Each structure stands twice: as structure tokens, then as C-alpha cells.
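Asks: Can you keep this structure in mind? I'll have questions shortly.
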Amino acid sequence: QVHLVESGGGLVQPGGSLRLSCAVSGSAISGNTMAWYRQAPGKQRELVAFIASGETTNYANSVKGRFTIYRDNAKNTLYLQMNSLKPEDTAVYYCTRGLGIYWGQGTQVTVSS
């Protein structure tokens, strides 16, 4: 059974940084597309970034240049480095294996002064 556990969320001031982690068990992340989604209150869930099996990355326009998705295959862990955070980045962030096939429980990110 595939199990994903996100961590690293929290409260940060605008302009700050956070790094989210997603520890995966039951499946190797290497060779699989892995993604980060987020859902803000009252809004639809959106795809933030994904990294394909060939290590190609893709980002939502709203986070391009500020967020970086990467993985450590040896640790079987996916990461999302978030810099220059804005209040509109406030959301619950989820990692997935594939584009929304297996989901973690989410981690809250709040950007506020």
C-alpha cells in the first residue's frame, strides 16, 4: 500500500521560505511522476508543481520562479522549496504519486504577518 506523509508546513511571514517534505512508503518515487497540489479555503484544489519520471519539472504560473520541486530517491522523499511566500500561497498542500493517484493527508501553510 502506498503511503505519503507531508511535513514542513507552518506559519511564515510574507517573503519568507518553507520547505515541504513528503515521505513515501510502499512505492519507489524514482521513475514515477510526483506532484504537489494545494487547496485554499473556498477554492478548488490546484496543481502547484510536478516532476516527471525523466526529472522534467512543471510549475503553475503563480509559483514559477519562487517554488522548486525536487526529490531524493535514496530517501524516497519529495520536496517543495517555497521562497518569497505570499499571503495567497496560504493553503493545505498535498503531495501525490502520479498526478493525483495517491494522496497524502496534507500540511497547512499559512503566510501572514
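Since every read-out is calculated from the coordinates, none of them should be taken as a lab result. Everything numeric in this text was worked out from a predicted model, so none of it was measured. Quick reminder, even Gly has a Cβ in these numbers, built from the backbone with ideal geometry, and neighbours come from all protein chains shown.
Asks: Between residue 58 and residue 25, how many nm apart are label points set 7 Å from Cα along the C-beta direction?
Replies: Between residue 58 and residue 25, the simple spin-label model gives 3.1 nm.
Asks: Tabulate in residue order the Karplus-calculated ³J(HN,Hα) for the stretch 16-33, using 6.51 cos²θ - 1.76 cosθ + 1.60 with θ = phi - 60°, rounded to whole Hz; enter x for Gly and Pro.
Replies: Result, ordered by residue: x, 10, 9, 10, 8, 10, 9, 8, 10, 10, x, 6, 6, 7, 5, x, 10, 5 Hz.
Asks: Hey, another quick one. Using a Gaussian network model on the chain with a 10 Å cutoff between Cα atoms, which of 60, 28, 74 fluctuates the most?
Replies: Maximum among the listed residues: 74.
Asks: Just the ratio, please: alpha-carbon radius of gyration of the chain over 2.2 N^0.38 Å, N its number of residues. Intermediate results must be reported in sequence, preceding the final value.
Replies: Values: Rg = 13.0 Å, N = 113, 2.2 N^0.38 = 13.3 Å.
Its radius of gyration relative to the 2.2 N^0.38 Å reference: 0.98.
Asks: Still on this structure: Would you mind calculating the relative contact order of the stretch 46-109 from Cα pairs under 8 angstrom and at least 6 residues apart, reporting the percent as a whole number? Before the final figure, lay out the partial values.
Replies: Values: 68 pairs, mean separation 12.8, N = 64.
The normalised contact order for the stretch 46-109 reaches 20 percent.
Asks: What's the longest bit of the chain with no exposed trypsin sites (Lys or Arg not before Pro), using DSSP loop states and at most 15 other Cβ atoms within 10 Å as the test?
Replies: With trypsin sites (Lys or Arg not before Pro) excluded where exposed in loops, the chain gives 1-42 as its longest stretch.
Asks: Below 8 Å between Cα atoms, with a sequence gap of 6+, how large is the relative contact order for the stretch 1-105 in percent? Walk me through the numbers on the way to the answer.
Replies: Details: 225 pairs, mean separation 38.4, N = 105.
Dividing the mean separation by the residue count of the stretch 1-105 yields 37 percent.
Asks: Let me ask something else. Between the alpha-carbon centers of the stretch 1-28 and the stretch 72-113, tell me the distance in whole angstrom.
Replies: The distance from the Cα centre of the stretch 1-28 to that of the stretch 72-113 comes to 5 Å.
Asks: Around residue 104, which amide H atoms from residues at least 5 apart in sequence, or from another chain, sit under 5 Å from its own amide H, with H modelled in the peptide plane?
Replies: The answer is 95.
Asks: Then there's this: Using the Cβ atoms and a cut-off under 11 Å, what net charge is assigned to the surroundings of residue 28, where Lys and Arg are +1 and Asp and Glu are -1? Write down the numbers at each step before the final one.
Replies: Working: positive: 71, 97; negative: none.
Result for the local shell: +2.
Asks: Rank 93, 79, 102 by mean-square fluctuation in a GNM of the chain with C-alpha springs under 10 angstrom and give only the top-ranked residue.
Replies: Among 93, 79, 102, the largest mean-square fluctuation in the Gaussian network model of the chain belongs to 102.
Asks: I want to verify a result. In a Gaussian network model of the chain, Cα cutoff 10 Å, which of these has the top mean-square fluctuation: 42, 98, 65?
Replies: Maximum fluctuation in the GNM of the chain, among the listed residues, is at 42.
Asks: To make sure I understand the rule: partners must be lysines, Cα under 27 Å from the Cα of residue 43, and not fewer than 8 residues away in the same chain. Which ones qualify?
Replies: Cross-link targets: 64, 86.
Asks: Let me ask something else. Within the set of other residues whose C-beta is less than 15 Å from the C-beta of residue 47, count the net charge using Lys and Arg as +1 and Asp and Glu as -1. Walk me through the intermediate numbers first.
Replies: Working: positive: 38, 43, 45, 64, 97; negative: 46, 89.
Net local charge, residue 47 excluded: +3.
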